[in-house]
Amino acid sequence: MLCFQVFQNGEPAKYLDLTGAYAFGQDNIPVRAEIEFENGQVFISRRSTGACGLSLLWDSGGAGQFMLPTTRLPDRDEPYNLSVELVRGQLMRLSQKREDWGLFDYRDADELNERFDAVRREFVAALQAEDRPAEAAALADKALSDAVALGEEMAMFHAEIFLARRRASSVAVAKTGLGCTVDLPSNSDEFRARLLESFDFINVPMSWKALEPKEGQYRYEEVDTWVNWAVRSRKPMQAGPLLSFCEHHLPEWLYIWEHDYDTLRDIIYEHVNRTVKRYQNQVRLWKVVSGIHACNAFNLSFEQLMELTRMTCLLVKQISPSSQVLIDLVTPFGEYYARNQRTIPPMLYADMAVQSGIKFDVFGLEFHMGVPVDGMYVRDLMQISALLDEFVGFGKNLHVTACQVPSAADADAWDAWGGDLAIERAGRWRETWSPQLQAEWLAAFYRVVISKPFVDTVCWRDLADYEGHFIPHGGLFSAAMQPKPAYRELRNFRVYMATAPSEVIDQQQPRPGSLPPQA
């Protein structure tokens with residue numbers, strides 16, 4: 001059993017919210033465990049053996065409140081100091097990315113390196129106070145706040161360098177696109193005008209539940225309307241998902257076949273075949289498979305999930321060879337695997353898709369933050385940047401197929417959750433969510449993501465806070481189509497990317513995710 005002491009304000013904690021907390025093992029893969037808080041301590045009881053770590057929502061002071069992991073630790077009788085171990089984990093990640101990004105070799109990085117040394121000294125002071133655990137925790141909390149803030153600044157420093165290089169490229173505009181998912185029932189001229197003036201492409205949702213609510217009864221009218229508009233407007237399209245086992249995508253009649261895999265597979269084949277043939281000449285990129293690694297409503301086996309991935313990707317390639325085939329990864333940090341062993345960790349699923357020779361072109365990633373459910377707790381920019389770098393080894397480009405954060409922290413009865421979730425329990429980025437903070441997050445997030453040379457597009461989830469939008473207050477416009485600061489920030493960033501920088505960055509500098517060149 002693993003145990004952590006928790007201190008708050010110099011005393012053993014009386015309460016700790018463990019909502020969303022999970023244990024993880026080797027390669028940061030979540031493991032099944034019972035996590036409990038009692039008498040100022042967190043107890044982790046698991047079936048597996050070996051070292052493991054704890055990831056939980058933790059307040060990092062002015063930097064924000066994030067889902068943060070410790071390092072992996074061996075079992076021992078004496079409890080670990082949670083604050084100290086969180087700092088140890090953060091310093092380990094900072095040290096690794098500092099080397100991966102070659103920050104020792106960049107001009108103007110001296111201040112960041114000096115601050116790293118200062119945080120490390122703060123951590124050493126916390127270790128030296130080990131026999132005074134409350135004091136050690138207080139020192140560690142200060143070090144953690146500084147370390148998280150430093151991590152975000154490192155991520156932004158690295159992003160700005162590679163953004164300049166990307167903007168200097170003559171193909172930057174052709175390779176980079178900013179998009180938005182359309183709201184199918186919305187047909188107002190203003191809604192369409194905003195899409196035309198501010199986005200390079202649109203994403204047309206194709207939920208099976210909406211397309212075939214009853215078996216054999218098809219409803220393509222709303223999709224047809226948007227597809228025809230996009231063709232007339234010469235606006236490139238992404239579309240999908242064709243296959244998703246999330247409950248809000250599955251038609252109820254399909255559950256009749258949940259225990260008959262062969263029939264289920266044949267029905268899926270026919271659905272994908274019918275949909276792609278209908279729009280094969282209009283859609284540039286197909287989101288073929290989305291989130292079946294995380295949402296497994298039919299409790300299919302690993303082999304069955306991989307077979308369906310192979311079948312659907314190959315089918316789309318055969319019908320529409322000129323379109324790109326995308327495999328979409330939702331909740332990419334993978335905490336869902338700790339609750340449901342009938343799922344697949346995201347990086348394992350991605351690796352299997354590549355290694356088994358499945359015919360697809362690109363990966364997609366979704367980043368939704370601000371809702372207290374698995375996959376949507378707030379993460380800092382360093383964690384996001386580091387996760388993106390993990391995809392370099394797959395040799396596939398990336399599309400951020402959906403991203404969104406709130407613009408307010410109060411209840412939102414029109415969101416997909418019906419106002420039932422407390423936004424503040426999902427964490428915060430710097431401070432409480434507000435329209436201005438949403439805009440600042442968008443600016444930082446887009447810079448970090450687009451700075452990666454292997455990322456092709458970024459798509460915002462909802463244009464406006466219409467009924468049924470996903471993240472509470474997550475639109476770029478209010479329900480009355482009043483623009484928020486985030487919308488203006490997105491437009492500014494689009495202009496920024498379309499203009500060349502004044503200087504071309506030295507081409508000998510290392511790539512993101514690579515080690516610095518040897519002397």
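Computed on the chain, with alpha-carbon pairs under 8 angstrom and 6+ residues apart, the relative contact order is 16 percent.
If r is the Cβ-Cβ distance from ASN9 to MET92 and R0 is 25 Å, what FRET efficiency results, to the nearest 0.05? It comes to 0.40.
The HN-Hα couplings worked out from phi for region 447-461 by the Karplus form 6.51 cos²θ - 1.76 cosθ + 1.60 (θ = phi - 60°) are 5, 4, 5, 5, 5, 6, x, 9, 9, 8, 9, 10, 10, 6, 6 Hz, whole numbers, x standing for Gly and Pro. The candidate values were (1) 38; (2) 27; (3) 15; the one computed from these coordinates for percent of Cα pairs over 44 Å apart carries the label (3).
Counted residue by residue at 0.36 nm each, then reduced by the alpha carbon distance between them, the extension gain from ASP108 to ASP266 reaches 51.0 nm. Reducing region 66-143 and region 393-435 to their Cα centroids gives an inter-centroid distance of 28 Å. With the convex hull of the Cα atoms taken as the outline of region 2-163, the averaged projected area works out to 9.9 nm².
When you count the other C-beta atoms within 10 angstrom of each residue and take the mean per peptide, 257-265, 378-386 line up highest first as 378-386, 257-265.
Packing, as the average of other Cβ atoms within 10 Å across residues, places the peptides 89-96, 338-345 in the order 89-96, 338-345, highest first.
When each of the peptides 134-144, 284-294, 50-60 is scored by the mean number of other C-beta atoms lying within 10 Å of its residues, the order from highest to lowest reads 284-294, 134-144, 50-60. Looking at this model, which pairs from LYS209/LYS235; LYS396/LYS452; LYS359/LYS452; LYS209/LYS277 are more than 21 angstrom apart at the alpha-carbon? Check vs 21 Å cut-off fails for LYS209/LYS235; LYS359/LYS452. Amide hydrogen proximity for THR71: with H placed 1.01 Å from N in the peptide plane, the residues at 5 or more positions away or on another chain lying under 5 Å are GLY89.
Note on the chain: helix-only mean residue ellipticity at 222 nm, from DSSP H runs of 4+ residues weighted -39500 (n - 2.57) and normalised by residue number, equals -12000 deg cm²/dmol.
Computed from Cα atoms, the angle from the helix 133-168 axis to the main principal axis of the chain rounds to 40 degrees. Placing unit charges on the Cβ atoms only, positive for Lys and Arg and negative for Asp and Glu, gives region 47-182 a dipole magnitude near 740 debye about its Cα centre. Put a plus charge on the Cβ of each Lys and Arg, a minus charge on the Cβ of each Asp and Glu, and nothing anywhere else: the dipole of the chain about its Cα centre is then about 1780 debye.
Applying 0.36 nm per residue to the separation of THR499 and GLN436 and subtracting their alpha-carbon distance, the gain on full extension is 20.2 nm. Restricting attention to the chain, close to 40% of DSSP beta bridges with both partner residues there are antiparallel.
3J(HN,Hα) along region 393-407: x, 7, x, 10, 6, 10, 10, 7, 7, 6, 8, 5, 9, x, 10 Hz, from the Karplus curve 6.51 cos²θ - 1.76 cosθ + 1.60 with θ = phi - 60°, whole Hz, x for Gly and Pro. Extension gain, ASN39 to ASP59, is 5.2 nm, computed as 0.36 nm per intervening residue step minus the present C-alpha separation.
Each of ASN28 and VAL354 was given a label point 7 Å from its Cα along the Cα-to-Cβ line. The distance between the two points is 1.5 nm.
For the chain, the longest principal axis of the alpha carbon atoms and the long axis of helix 261-279 meet at an angle near 70°. Taking 12 Å as the straight-line reach from the Cα of LYS142, the aspartates and glutamates in range (excluding those fewer than 8 positions away in the same chain) are ASP59, GLU122. Each of ARG47 and GLU99 was given a label point 7 Å from its Cα along the Cα-to-Cβ line. The distance between the two points is 3.6 nm.
Scanning residues 5 or more positions from ALA402 or on other chains, those with amide H under 5 Å from its amide H are LEU365, PHE367, CYS459, with H placed 1.01 Å from N in the peptide plane.
Read-outs throughout are calculated quantities, based only on the coordinates presented, and are distinct from any laboratory measurement. The structure displayed is predicted, hence computed values, not measured ones. Glycine also receives a Cβ, built like all others from the backbone with ideal geometry; neighbour counts cover every protein chain displayed.
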